[in-house]
Amino acid sequence: MRFLLVEDNEQLARAILDRLSIEGHVVDHAPCLEDATAFIDTTDYDLILLDIMLPDGDGRTFLEQHRRTADATPVIVLTARSEVSDRVGVLDLGADDYITKPFDFSELQARCRAVLRRRGGAARNQVALGDVLFDSLAGTLSIGGQTIHLRNRELRLFEVFAGAPEQIFSKSKLVDRLFSYDDDVSENAIEVYVGRLRRHLSGTRAQIVTVRGLGYRMSIS
């Protein structure tokens, strides 16, 4: 998944980035609302982690404006305010959840997973793609009784294809989904990961097809 973290505390932001990266997520960090706006104007995110008190404004205003655009990207608010009225306020503005600072990182990770499950339709972790069973929670492919464990970027790439079979994804779009702005990578890296997935899928009905000049799509025969 690709996350946007809007947090001006550099130490806290680095800790969150490290934790989420270990789980295999791509995370972009915006220390202010101006940067956050620039990120969401150019990139699609699966989840936004939003601080309230930021150097150039109030995160609640950003949240309210974001929801007015009809963008349904889930938002978890990070707040130091523990009053019930404050928590209810951010939920009424369109937040999907909130967590009060200071928090345990395991709780933040659990809340992220819960929000993403709700967005994806409860706890539907397993998806059948022809004769391939994909378990996004376990990060595995089950093929003919054999279980294949996907590495982090293999998993994220497969999630993209599995989420929209037959849809064409350009190399640049896939780079955007797999890597953060801080990663120095070329589009050739996508060829490497596509090649790995093709080896895993060899002989199955689920194939990743090259669409010349456009990119790749998953085809289920």
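The values are calculated or read from the model by the stated rules, or taken from the named source; none is laboratory data. This structure is a prediction, so every number in the text was calculated from the model and none was measured. Cβ coordinates were reconstructed from backbone atoms using ideal geometry, including for glycine residues, and neighbour counts include every protein chain displayed. Just the protein is used for accessible areas: all its heavy atoms, side chains included, with ligands, DNA and RNA removed. Shrake-Rupley method; radii C 1.70, N 1.55, O 1.52, S 1.80 Å.
Against the criterion of being under 16 Å from the mean Cα position of the chain (by Cα), not in a helix (DSSP H, G or I) and not small (Gly, Ala, Ser), Leu141 does not qualify. Of the candidates Thr140, Thr147, the single residue that is open to solvent by 20 Å² or more (accessible area, probe 1.4 Å), at pLDDT 85 or above and of a type in the set (Ser, Thr, Tyr) is Thr147. Taking Arg153, is it farther than 30 Å from Glu64 by Cα, open to solvent by 70 Å² or more (accessible area, probe 1.4 Å) and in a helix (DSSP H, G or I)? Yes; evaluated as a whole, the condition is true for this residue.
Taking the numbered list (1) in contact (Cβ under 8 Å) with a residue 40 or more places away in the chain; (2) closer than 30 Å to Ala13 by Cα in turn, Phe169 passes all entries but (2).
With a requirement of 3 or more residues that are touching a Gly at 6+ places or on another chain (Cβ under 9 Å), the strands (runs of 3 or more DSSP E) lying completely within the stretch 17-121 that satisfy it span 75-79. Exactly one residue out of Ala30, Ala95, Ala80, Ala38 is open to solvent by 70 Å² or more (accessible area, probe 1.4 Å), without any contact (Cβ under 8 Å) to a residue 60 or more places away in the chain and not assigned by TED's automatic domain parsing to the domain that holds Val160, and it is Ala80.
Being more than 20 Å from Ala128 (Cα to Cα) and of a type in the set (A, V, I, L, M) is a description that applies to Ala189.
Exactly one residue among Ser172, Ser180 is modelled with pLDDT under 85 and under 30 Å from Gly213 (Cβ atoms), and that residue is Ser180.
Going through the stretch 166-201 one residue at a time, which ones are among the small types (Gly, Ala, Ser) and either open to solvent by 30 Å² or more (accessible area, probe 1.4 Å) or in a helix (DSSP H, G or I) (or both)? Across the stretch 166-201, the qualifying residues are Ser170, Ser172, Ser186, Ala189, Gly195.
Within the stretch 10-27, being open to solvent by 10 Å² or more (accessible area, probe 1.4 Å), of a type outside the set (Lys, Arg) and under 18 Å from the mean Cα position of the chain (by Cα) holds for Ala15, Leu17, Asp18, Ser21, Ile22, Glu23, His25, Val27.
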